[in-house]
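Some notes on the structure that comes next.
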Amino acid sequence: MDIVGNVLPQVLKDEATEDKGEMARLQSFVGAIAVADLVKTTLGPKGMDKILKPTGPGQEMTHITVTNDGATILKSMYVENPAAKILIEISKTQDEEVGDGTTTVAVLAGELLREGEKLIQKRIHPQQVIAGWRIARDVALKRLRDISTENDIESQEFHNDLIKIAKTTLSSKLITTDRDYFADLCVKAVLRLKGSSNLDYIQIIKIPGGTIRDSYLDDGFILKKQITIGCKRRIENAKILVANTAMDYDKIKIYGTKVKVNSMDKVAEIEAAEKEKMKHKVDKILQYQPTVFVNRQLIYNYPEQLLADAGITVIEHADFEGMERVAAATGAEILSTFDAPERRDQILGNCELIEEIMIGEEKMIKFSGCKKNEACTIVLRGSSIHILDEVDRSIHDVLCVLITTVKNRRVVWGGGNSEMQMAAACDEEAKRVQGKQALAIEAYARALRQLPTIICDNGGYDSAELVQNFKVELEKGNLSYGLNMNDGSIGDMKELGVKECMRVKEQALLAASEAAELIMRVDDIVKCAPRKRERA
Amino acid sequence: MSLAFDDYGRPYIILREQGSKKRMKGLEAYKSNILAAKAIANTLSSSLGPKGMDKMLVSPDGDVSVTNDGATIVEKMEIQHPTAKLLVELSQSQDAEIGDGTTGVVVLAGKLLEQALTLLDKGIHPLKISDGFDRACDVAIKHLENISEEIDIQANEHEALIQAACTALGSKVVSKRKRELGKIAVTAVLDVADLGRKDVNLDLIKIQTKTGGSVEDTRLISGILIDKDMSHPQMVKEVNDAKICLLTCPFEPPKPKTKHNINISSAEDYKKLYLQEQQYFVDMVKLVKDSGANIALCQWGFDDEANHLLLQNNLPAVRWVSGTDVELIAMATGARIIPRFQEITPEKLGKAGSVKEVQFGTSNERMLVIENCQCTKAVTILIRGGSQMIVDEAKRSIHDAICVIRNLIKDNRIVYGGGSAELACAIQVLQYADEVSSVEQYAIRSFADALEGIPSCLADNCGLNPITSVAQAKARQLQENNHRIGIDCMELGTTDMKEQRIYETLSSKKQQIQLATQVVKMILKIDDVIAPDDY
């Protein structure tokens, strides 16, 4: 009904709803802040983990995940609230774009909206708030870029920076106790890439058993497959042929082909021809004189036996990714036809040693001394698959951050230093801006300061006092100070060696501001009637 | 529902299943229709103007989109009321024809209906109202043409176009970067525009979105970006001086459309078939290679063997290129689309400066960029942003801006925005009203009131007092005889829209007023609604 009491005709579909003005805004604030609060406790070195338990029949206890990674948590949640969905979306994008800071981005957006809500309650128009935020964001971004430093990619300092960044990233993860070890491991892996950003070359293999400390970086390439029975288990100076070809039976690719025979003899003939065709293929492969043959697809016994007879070690059923990596690591070309044995030298991959190794209980194939020495493998050990999964995610984060740093090369001090400096820049700007927007700029600064506050809270320290002292230190000109989460004090990050990648911070700031603005601008939420699903 | 009754009050059955139908007629029908349409207009009215707010729309599958674009809002609201649907179509036809002003047209229609409602209450016949609206509309359009100004789109590095694009972008979430995006849009349109014919084929501007980065990273690529990568991971990632072979046939043995069977009855046949099959692949690749092509783009898939042969012959190739992309590449590179391998000739190849693979983010997504095409008449705008919703909204906004620029190239007459044009028309219509001696006078006067509704709505959205600001602007227009006085939405301290440089195209404004009037007339002609009961 409208205000006069007329019954309004129904315009939307039956189950559709429309919320306007204050109600719509309230709904989005509540949703976004709830999501931010949910992941907030995982932030920082003393952050806690979450257990994610899938719902649905039969899998209640099977695939549980224990994690501290914001994107993983948010991705696995099913939310109804549209604003909450936006936060999840930006967290995902952050994961895809830089790989880390996924919690930060959701928390920052949530804190911005929390401050925004207060301003709205003070009867400031959302557009004014947005105008203020936009100024604040530019100021913060400029400060962030100003305080970042850059080192030459070849220099020792840069190498040290990388290790520090890796340690900082790891400090909030499960493997924080072994962070020195893993930081070194990850940096070595990334430096092997020599500036390329292709994470494919770094393979992560998880094998339950042993302790986390037993994890290691293998400079060779490990394929999680077995060498076919009856072949040599150790090949030196291997010539590798990598193929993607049918080795079960060669189906005829011409459309509409059918075999129609009128006697048993003919069947035998055809069968012989089929066999011969396969033998012909094997012969062609043999012309390349490989010592190892890796195929993506299944290899049937007959060709396998032919190859084994020729003294070739056969690895079958290497999946697509594995095959691409073998090819990349050994410099082999992936073949599907075998008519150019004269190009043998370009086609075959080389490596010094291929051997079957045992990690824990599992047999694997290790390629060491490869022609293109970029690929490497990180073997993760741990007492349970849940721990391994979490370590895998952590290592992935670190590798992403390191690669981003190698690309961008700019670093900032960690321990909340960059957030506090950005907040300070916003506060300074707020003094110069006329009009209500200044309030929004101050709010932006408060939201930024919430990040170190939450980190302190998560550690069980007196956040109000610490953050205030921190502010004072920065004011005094100690620009490299930050939170020391080991003993709950303010310390010089230079001495503690806490560094972070500027690009991660930058992306988090940009994405969080954009999302907060997007949610702030909404004054009307229309929910369409849910699609009717037929029950199976 | 029954239409007629006999002497005893029993209904005659006239309509099929009339028991399950309902009917509204007369004034009740008018009012119900108008209220439904107004409900839509009310929802949209808060999105109007530079300080307009966005709407969050949740689709039946739970996907969220946030937008400010009128046509998108009404489309995604999934409206079921028949009259309200007319407004949806209204917004969409404005979008299809002009591309911008989709919110304004619905708001104007809403204001007109509001006026019609009061006129109906006064007892004026609906047809008289629509006649009056019609006459008023003609007057308004004529006046719009009188006050329109021609602008020089070439002057000052296309400054006027950029300003017009900025006006279109001003109300969107990307308004912070309106200048940069406006420039991108202007450059894109001018790159593909045929200034001699004053026409722009918008198909030549491809808008590609990619989440990640921020809106600032949006850029214009003077070439084509396709969301595909090379078919074989080991193919070269960059081809300079590319000669492109554009195929719409798969690298597979042929599949005749006639149903057929090949029967193999002997081992010789079997072997022959095998050889023939191999020959197919070799021939295909050879035909492409012999033509001098150094990259092949194909709309279909590749067989593994063919794929490898391509690699072996050092011929990078891309598979599953979408049909629209194939056409675009053909236009840009001057390539002919080749449907059969036998027809490949060197003349049919397209040329481009370079084709290379670029990578985004950490998740290893790659795209191909075709740059410096022979006939450089296709460009891509690559939109980046923090999340899918932002990117989608940015895409809609840039589309609007591009449409505005195209309209200006077609017809370089503009009117000033900020509600000034509507006010000027309202004044003119009001003057005309007094000259009309029949009942229509009231309708014409109401039309003027409805036009004033637009600046008042703008003012309302900007947090200004709508009544005071409209009254002031109107008075100043009359006193100073200056039709450029509007609402100062951005609080820049001047109400002269020429100084604020808020341009709107004449064609868009004209279309808005005409379309809104038409729809209102249509709604006013409905005096009977018969619908199934459960509708």
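Coordinate-derived values only; no laboratory data. This one's a predicted model, so the numbers in the text were calculated from it and none came from an experiment. In this analysis, Cβ positions are derived from the backbone assuming ideal geometry, glycine residues included, and neighbour counts consider all displayed protein chains.
Below are the figures for this structure:
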read-out: Coil-residue GluC sites (Glu not before Pro) of region A:452-536, DSSP, other Cβ within 10 Å capped at 12; value: A:GLU534
read-out: Three semi-axes of the equivalent ellipsoid, the protein assembly as shown, Cα gyration tensor, whole Å, largest first; value: 59, 41, 29
read-out: Region B:210-283, Rg to Rh (Cα coordinates; Rh as Kirkwood inverse mean 1/r); value: 1.20
read-out: For A:LEU335, residues with placed amide H under 5 Å, excluding near neighbours; value: A:VAL242, A:ALA243, A:ASN244
read-out: Extended-chain gain in nm, criterion 0.36 nm per residue less alpha-carbon gap, B:ILE467 and B:ASP269; value: 62.2 nm
read-out: Paramagnetic reach from A:ASN262 in region B:253-271 [backbone N under 20 Å; point 7 Å along Cα→Cβ]; value: B:261-271
read-out: Cα-centre dipole for region B:61-109 with unit charges at Cβ (Lys and Arg positive, Asp and Glu negative), debye to 20; value: 200 debye
read-out: Order of A:CYS528, B:CYS249 - criterion: other Cβ atoms within 10 Å of each residue's Cβ, fewest first; value: B:CYS249, A:CYS528
read-out: Span-like helix ranges in chain A, DSSP H, alpha carbon extent 18 angstrom or more, Kyte mean at least -1.0; value: A:21-40, A:82-97, A:102-121, A:126-147, A:156-171, A:179-192, A:264-287, A:385-408, A:437-459, A:463-476, A:502-520
read-out: Order of B:TRP320, A:TRP413 under a 10 Å beta carbon neighbour criterion, fewest first; value: B:TRP320, A:TRP413
read-out: Chain B: relative contact order as a whole-number percent, Cα under 8 Å and 6+ apart; value: 26 percent
read-out: Cα-Cα pairs of region B:223-376 separated by more than 23 Å (percent); value: 37 percent
read-out: Cα-only radius of gyration and Dmax that characterise chain B, units Å; value: 29.7, 101
read-out: nm² value of the averaged projected area, convex hull over the Cα atoms of region A:171-217; value: 3.8 nm²
read-out: Distance (nanometres) between label positions extended 7 Å along Cα→Cβ at B:LEU202 and A:ARG531; value: 2.7 nm
read-out: Proximal charge balance of B:ILE262 [Cβ under 9 Å; K/R count +1, D/E count -1]; value: 0
read-out: Which listed pairs, of A:LYS407/A:LYS494; A:LYS118/B:LYS178; A:LYS279/B:LYS271; A:LYS85/B:LYS176; B:LYS55/B:LYS172; A:LYS122/A:LYS471, have C-alpha distances above 19 Å, in listed order; value: A:LYS407/A:LYS494; A:LYS118/B:LYS178; A:LYS85/B:LYS176; A:LYS122/A:LYS471
read-out: Interatomic Cα distance distribution for chain A, bins of 10 angstrom, percent; value: 3, 15, 21, 19, 16, 12, 8, 4, 1, 0
read-out: Loop-located trypsin sites (Lys or Arg not before Pro) in region B:102-143, at most 12 other Cβ atoms within 10 Å (DSSP); value: B:LYS122
read-out: Taking chain A and dividing mean pair separation by its residue count, relative contact order in percent (alpha carbons under 8 Å, at least six apart); value: 27 percent
read-out: Taking region B:223-376 and dividing mean pair separation by its residue count, relative contact order in percent (alpha carbons under 8 Å, at least six apart); value: 39 percent
read-out: Amide hydrogen neighbours beyond the local backbone of A:ASN484, cut-off 5 Å, H modeled; value: A:SER489, A:ILE490, A:GLY491
read-out: Fewest-first ranking of A:LEU509, B:LEU492, using other Cβ atoms within 10 Å as the exposure measure; value: B:LEU492, A:LEU509
read-out: Region A:14-169 shape via C-alpha gyration tensor axes, a/c threshold 1.5; value: oblate
